[in-house]
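What follows is a set of notes on a single structure, which appears directly below.
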Amino acid sequence: MRELIFYLLIIGAGTGGELCVSRAMKAVGEVKDFRPTALLGVAARALRVSWMWVGLALMGTAFFALLAVLSLENVSLVVPVTALSYAAGALGGKFFLGEQVSRRRWMGVLIVCVGVAFVIMGRR
Amino acid sequence: MNSSAGPHFKTYLLILLMVIFGPLGNVLLGKGMKRIGPVNLQAAEALDLLSRVLTSGTIWLGIASLITFFVAYMLVLSWADYSYVQPASSVAYGMVALLAHFVLREVVTPMRWMGVVIICLGVVVVGQTPPRTTEPT
């Protein structure tokens with residue numbers, strides 16, 4: 001039961017956090033200058049976008065849930081299970097960020113999910 | 001969309017960094033948390049647990065790796081679609097299985113390896129789609 005709670009937090013808060021961070025970074029704009037001072041400027045601009053703070057809070061929650069479940073289960077099981085967020089991520093990309101997810105990309109996501117299912121079934 | 005090799009090169013470079021440092025971070029966190037012991041949902045133990053987590057060198061190394069992963073991730077998300085980057089970086093699952101097997105000595109069953117291969121196949125399909133579908137803002 002506690003593992004299930006941790007997994008739900010990792011997938012739910014993690015995916016939500018990534019979507020918020022992605023939305024914030026799109027608002028910041030494409031990064032073209034990779035010098036350290038320019039990157040600090042990008043970070044400062046990103047932290048002025050409220051979506052970034054929501055995203056960081058959600059990702060922090062997911063991080064502590066990940067730590068908790070890693071104390072209970074093997075890494076080679078935990079990390080693939082967290083990939084169940086792929087479907088949620090593609091849906092979020094389409095409906096939250098307005099991205100056009102092509103049929104081919106959906107197929108790729110589906111294949112990845114089938115692989116994840118094999119990983120879970122190969123528990124023993 | 002810019003059709004030159006530039007955007008694709010920097011996209012692939014940052015995804016490579018994500019694929020290396022993401023799994024490394026997870027494996028280090030796993031190693032550190034196994035040393036600390038099982039986490040319970042009891043508030044009384046929370047402070048003690050937090051202090052053990054924050055004084056673990058392995059956990060901090062894992063956090064440093066994940067920060068590197070996160071910086072690469074945020075940079076690539078400034079121009080490429082989330083629904084492209086997330087699946088493309090899933091080759092990291094193969095890296096996690098390899099590191100878990102060879103570094104942590106975890107038992108990875110044949111079915112789990114098959115799952116990893118299928119995941120990589122999915123990554124190839126995803127990688128053949130354009131990295132950006134929305135107009136820059």
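Things worth noting here:
- Condition broken by residue A:48, with the remaining ones in (1) more than 16 Å from residue B:41 (Cβ to Cβ); (2) in contact (Cβ under 8 Å) with a residue 24 or more places away in the chain satisfied: (2)
- Conditions (1) aliphatic (A, V, I, L, M); (2) more than 25 Å from residue B:37 (Cα to Cα); (3) touching a Pro at 6+ places or on another chain (Cβ under 9 Å); number of the one not met by residue A:79: (2)
- Exactly one residue out of A:60, A:41, A:93 is surrounded by 17 or more Cβ atoms within 10 Å (Cβ to Cβ) and in a helix (DSSP H, G or I): that is A:93.
- Within the set B:41, B:49, the sole residue that is among the aliphatic types (A, V, I, L, M) and surrounded by 17 or more Cβ atoms within 10 Å (Cβ to Cβ) turns out to be B:49.
- Any hit, the range B:94-110, residues being in a helix (DSSP H, G or I), over 26 Å from residue A:68 (Cβ atoms) and either more than 7 Å from chain A (Cβ to nearest Cβ) or not small (Gly, Ala, Ser) (or both): yes
- Residue A:79 within 7 Å of another protein chain (Cβ to nearest Cβ) and more than 18 Å from the chain's Cα centre (by Cα): no
- Extreme residue, nearest to residue A:26 (Cα to Cα), among residues of the range A:105-114 that are within 7 Å of chain B (Cβ to nearest Cβ) and at pLDDT 85 or above: A:107
- Flag for residue A:32 being within 7 Å of chain B (Cβ to nearest Cβ), basic (Lys, Arg) and either more than 24 Å from residue A:118 (Cα to Cα) or touching a residue at least 12 places away in the same chain (Cβ under 8 Å) (or both): no
- Test set (1) modelled with pLDDT under 85; (2) buried (at least 17 other Cβ atoms within 10 Å of the Cβ); (3) of a type in the set (A, V, I, L, M, F, W, C) - residue A:34 fails condition number: (2)
- Test: residue in the range A:56-72 that is without any contact (Cβ under 8 Å) to a residue 40 or more places away in the chain, out of contact with any Pro (no Cβ under 6 Å at 6 or more places or on another chain) and farther than 24 Å from residue B:51 by Cβ: no
- Residue within the range B:123-137 that is surrounded by 16 or more Cβ atoms within 10 Å (Cβ to Cβ), modelled with pLDDT of 75 or more and within 19 Å of residue A:78 (Cβ to Cβ) present: no
The values are calculated or read from the model by the stated rules, or taken from the named source; none is laboratory data. Just so it is clear, the model here is predicted, and its values are computed rather than measured. We place every Cβ from the backbone using ideal geometry, glycine too, and count neighbours over all the protein chains shown.
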